[in-house]
1. About the Cα centre, and with charges only on the beta carbon of Lys, Arg (+1) and Asp, Glu (-1), how big is the dipole of segment 1-69? Nearest 20 debye, please.
2. Which whole-Hz couplings ³J(HN,Hα) result when phi for each residue of segment 112-127 is put into the Karplus expression 6.51 cos²θ - 1.76 cosθ + 1.60, θ = phi - 60°, listed in order with x for Gly and Pro?
3. 7 Å from Cα along Cα→Cβ at both L30 and K78: what's the point-to-point distance in nm?
4. Need the C-alpha centroid separation for segment 19-70 versus segment 119-157, integer Å.
5. Rounded to whole Hz and in sequence order, give me ³J(HN,Hα) for segment 13-30 from the Karplus expression 6.51 cos²θ - 1.76 cosθ + 1.60, θ = phi - 60°, writing x for Gly and Pro.
6. Run the quick spin-label model on D41 and H21: label points 7 Å from Cα toward the beta carbon, then report their separation in nm to one decimal.
7. Relative contact order for segment 1-127: what percent, with Cα pairs under 8 Å and sequence separation of 6 or more?
8. If I stretch the segment between S130 and E115 completely, what's the gain in nm (0.36 nm per residue apart, minus their alpha carbon distance), one decimal?
Amino acid sequence: MILYIGSDHAGYSLKEYLKNHLQQHGYEILDVGVHSETPADYPDIAHTLTAQLVQETRPALGILICGTGIGMCIAANKRPGIRAANASEPVSAALAREHNNANILCLGARVVGPELARATVEAFLRTGFSPEERHHRRVQKLELIGGDLKSHTEPLK
Ligand code: RB5
């Protein structure tokens, strides 16, 4: 499992903590930055990480960290093929994988402490997408929500 990880300045310290922990547990980590606490714009990091993740041919997931996780999550979900979930505890992180087939976990470094963040990441990584048909149908429907506002009253098929 390849893990892409990125943060802005607010998430830098938590990124480094999680990166070290995950490397010690055998994950291959691809760190897209930032590499210091110099102020950085979260969309820049989300742009870089999501571009690399959707082009990755090996099994891969991503972790994006900012102050709240919210900006990273909004930015990441702009990229087709990305399903990013902002989670602050393990139950939501596991269900984001199991029900939503989330491929990025967003964390808020100003919201969760390092131990809770670590437990949340571990839940995300150890959980797979459910084999239940209903979850696959619902995730497929996510791809159908596009930019055509005129057809928004038509049911998704
Ligand atoms: C940076 O101050 C902060 O706005 C950013 O880390 C993030 O929380 C945005 O959603």
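The values are calculated or read from the model by the stated rules, or taken from the named source; none is laboratory data. Since the model is a prediction, treat every value here as computed from it, not as a measurement. Because the Cβ atoms are built from the backbone with ideal geometry, glycine has one as well, and the counts that use them run over all protein chains shown. When the accessible area is computed, the model is the full protein with side chains, heavy atoms only, and any ligands, DNA or RNA have been set aside. Shrake-Rupley method; radii C 1.70, N 1.55, O 1.52, S 1.80 Å.
1. Numbers: 3 positive and 8 negative charges, 44 e Å.
Its charge dipole is roughly 200 debye.
2. 10, x, x, 5, 5, 4, 5, 5, 5, 5, 4, 5, 4, 6, 8, 9
3. 2.1 nm
4. If you average the Cα positions of each part, the centres end up 22 Å apart.
5. Working through the residues one at a time gives 5, 5, 4, 5, 4, 5, 4, 4, 4, 6, 4, 5, 9, x, 7, 8, 9, 10 Hz.
6. Spacing of the two 7 Å Cα→Cβ label points: 3.1 nm.
7. Numbers: 258 pairs, mean separation 33.5, N = 127.
The normalised contact order for segment 1-127 reaches 26 percent.
8. 2.7 nm
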